[in-house]
Every structure is written in structure tokens, then in C-alpha cells.
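Asker: Please read through the structure below; I'll follow up with questions.
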Amino acid sequence: MAEVIINDIMQALKAVSHSNADNLHIRFDKEADVMYVSFGPPVPADDSELGEDNILYRYKNGEIIGLTVTHFSKW
């Protein structure tokens with residue numbers, strides 16, 4: 001199961017490979033079962049889009065700044 005989760009996350013990260021991956025921030029909220037991935041310091045998004053993979057892609061000024069993975073433990 002963990003390998004499947006990692007593969008899904010890696011696919012999502014590859015989809016945004018142009019991001020600032022050398023400044024990656026990952027936070028998991030166990031109580032809410034949500035994983036937050038920010039490319040660079042976490043900042044508020046001004047737009048977002050739910051992908052077909054049920055990952056919320058967050059944007060600021062048209063550039064992707066992070067991902068939000070809800071129901072993370074069910075991946």
C-alpha cells in the first residue's frame with residue numbers, strides 16, 4: 001500500500017516538475033488525513049484546481065505552488 005501511495009505522489013510531483021523542488025515542504029495532518037505539499041515556503045493560493053487524480057493543485061499568479069491530498073490514508 002505504501003508503495004502505491006508513493007508512486008501516486010511521485011506522479012503528481014512529476015506533473016509539476018518545473019516547480020522549485022529544491023525547496024519542498026511536506027506536512028501531514030493526521031487528524032484531518034490531509035497531506036500538504038508546497039513548492040517553496042507555504043503561502044496562500046489565489047486559485048486551485050481539482051485534478052482527475054483527486055489531488056487539489058494550488059496556484060499563485062498562474063504558477064503551481066503546491067498540492068493538497070485529502071483522505072491521504074486511503075490512497
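Asker: Which ³J(HN,Hα) values, rounded to whole Hz and listed in residue order, are derived for the range 54-64 from phi using the Karplus coefficients 6.51, -1.76 and 1.60 in 6.51 cos²θ - 1.76 cosθ + 1.60 with θ = phi - 60°, glycine and proline given as x?
Answerer: In residue order, the calculated couplings are 6, 9, 8, 8, 9, 10, 9, 6, x, 9, 6 Hz.
Asker: How far apart, in nm, are the 7 Å Cα→Cβ label points at Tyr59 and His25?
Answerer: Between Tyr59 and His25, the label points sit 2.2 nm apart.
Asker: Sticking with this structure for a sec: Taking the Cα-to-Cβ direction at Ala32 and at Ser73 and moving 7 Å from each Cα, how far apart do the two end points lie in nm?
Answerer: 1.6
Every number in this text was worked out from the coordinates using simple rules, so none of it is lab data. Since we're looking at a predicted model, the values are computed, not measured. Note that we place each Cβ from the backbone using ideal geometry, even for glycine, and neighbour counts take in every protein chain shown.
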